[in-house]
Amino acid sequence: MNGDTDDTIYTIAFKDGLFLMVWNPKRKGWEMPGGHVKTGETRIEGAKREFEEESGWTVDIKEVRDLGHCRVCAGILGDRISADHEMTVRLFAELPDELSFPRDEYMDTVPWAKGVIDDVDVS
């Protein structure tokens with residue numbers, strides 16, 4: 001795969017009612033794992049790669065939503081596959097105070113993603 005495209009994607013992944021966020025030291029805030037889709041990748045492949053690189057966890061993506069300026073995925077948090085990842089990881093029940101991006105976007109996307117996951121039969 002060559003380089004990054006202009007296509008940006010991030011993933012909100014749930015497990016047992018909690019969602020995973022990563023601490024971005026450059027932006028000094030919590031955010032969902034994500035980044036640019038690389039040339040030759042599908043959006044889902046890019047989202048999974050970014051999620052694993054930043055968090056060290058796998059994710060099962062169930063739906064993708066176009067926000068205009070980027071895309072967001074709803075997913076189910078899988079297994080921890082690596083202790084060698086780019087960012088500090090934490091599971092949250094609600095949004096923390098220190099966010100990298102505007103709270104308004106998360107106030108819409110987190111409930112949307114939870115609704116998608118709640119509708120999926122995970123048994």
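Brief remarks on what is shown
- Qualifying positions in the stretch 1-31 - without any contact (Cβ under 8 Å) to a residue 60 or more places away in the chain and either hydrophobic (A, V, I, L, M, F, W, C) or touching a Leu at 6+ places or on another chain (Cβ under 9 Å) (or both): Met1, Asp16
- Flag for Trp112 being part of a helix (DSSP H, G or I) and either more than 19 Å from Asp7 (Cβ to Cβ) or polar (S, T, N, Q) (or both): yes
- The listed residues are Gly46, Gly56, and the only one of them that is at pLDDT 95 or above, of a type in the set (Gly, Ala, Ser) and on the phi > 0 side of the Ramachandran plot turns out to be Gly56.
- Close pairs (7 angstrom Cβ cut-off, 6 or more residues apart or separate chains): under 12 Å from Ile9 (Cβ atoms) and of a type in the set (D, E, K, R) in the stretch 63-77, outside any strand (DSSP E or B) and open to solvent by 10 Å² or more (accessible area, probe 1.4 Å) anywhere: Arg65/Trp112; Arg71/Arg43
- When residues in the stretch 104-123 are screened for being more than 15 Å from the chain's Cα centre (by Cα), more than 12 Å from Ala74 (Cα to Cα) and surrounded by 10 or more Cβ atoms within 10 Å (Cβ to Cβ), 1 of them pass.
- Considered as a group, the residues in the stretch 76-103 that are among the β-branched types (Val, Ile, Thr) and within 15 Å of the chain's Cα centre (by Cα) include one that is nearest to Pro25 (Cα to Cα), and that residue is Thr88.
- When residues of the stretch 33-78 are limited to those that are part of a loop (DSSP other than H, G, I, E, B) and within 20 Å of Phe101 (Cβ to Cβ), the one most open to solvent (accessible area, probe 1.4 Å): His69
The values are calculated or read from the model by the stated rules, or taken from the named source; none is laboratory data. Only a predicted model underlies this, so the values are computations on that prediction, with no experimental measurement involved. Here the Cβ is made from the backbone with ideal geometry for all residues, glycine too, and neighbour counts use every protein chain on show. Note: accessible area is taken over every heavy atom of the protein model, side chains too, but ligands, DNA and RNA are not part of it. Shrake-Rupley method; radii C 1.70, N 1.55, O 1.52, S 1.80 Å.
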